[in-house]
Amino acid sequence: MKEYHDNTGRPVRDGDKVVAKGEIFDRCVMLEVYFDHENYPGKVMLISDDNHCEIDDVQGDFIVVRRMFDVWSEGYSITGNKSGAMFHGQFDADSFRDACVKCFNDDKNFDADKLTYWGCGLYDNEKDARRTFG
């Protein structure tokens, strides 16, 4: 299968969230990349709520301009207090770590080495963030 890359040369993978622009779109649009999507078997698709297209049909008309990462922190339960997973936002970045740095900026409760916030692990998706405490 052909490899597709973003504007930094990094490979685009199944389920990646990207922002694309080009003649086929009237504005920059948020899309998810799917290889062999259940509704489009054998095809590489860019899909959003109001747009979808097969990459091979529009290869010359669009470029992936940046990657988007969701930032989630896991839930916790300590000394009678508890909370479920929390969504902190979506950030364009070269890596998940860079997205977390953008999200928490200079917050002293963020540990960039351990990728934790207030001691809670950080994740790029809700399912993993909810695994421990919901």
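The table below lists the values:
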read-out: Residue list for region 93-115, filter: outside any loop (DSSP other than H, G, I, E, B) and either outside the structural domain of GLY75 (by TED's automatic domain parsing) or farther than 12 Å from VAL71 by Cβ (or both); value: ASP111
read-out: Condition met for PHE87 (modelled with pLDDT of 80 or more and either assigned by TED's automatic domain parsing to the domain that holds VAL33 or surrounded by 14 or more Cβ atoms within 10 Å (Cβ to Cβ) (or both)); value: no
read-out: Residues of region 71-91 that turn out to be under 19 Å from GLU126 (Cβ atoms) and not in a loop (DSSP other than H, G, I, E, B), as a count; value: 13
read-out: Among residues of region 117-134, those that are surrounded by 14 or more Cβ atoms within 10 Å (Cβ to Cβ) and without any contact (Cβ under 8 Å) to a residue 24 or more places away in the chain, counted; value: 0
read-out: Tally of residues being exposed (fewer than 12 other Cβ atoms within 10 Å of the Cβ) and within 23 Å of LYS127 (Cβ to Cβ) across region 96-116; value: 1
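The values are calculated or read from the model by the stated rules, or taken from the named source; none is laboratory data. Remember, it's a predicted structure, so these values are computed and weren't measured experimentally. Don't worry about glycine lacking a Cβ; one is built from the backbone with ideal geometry, like all the others, and counts go over all protein chains shown.
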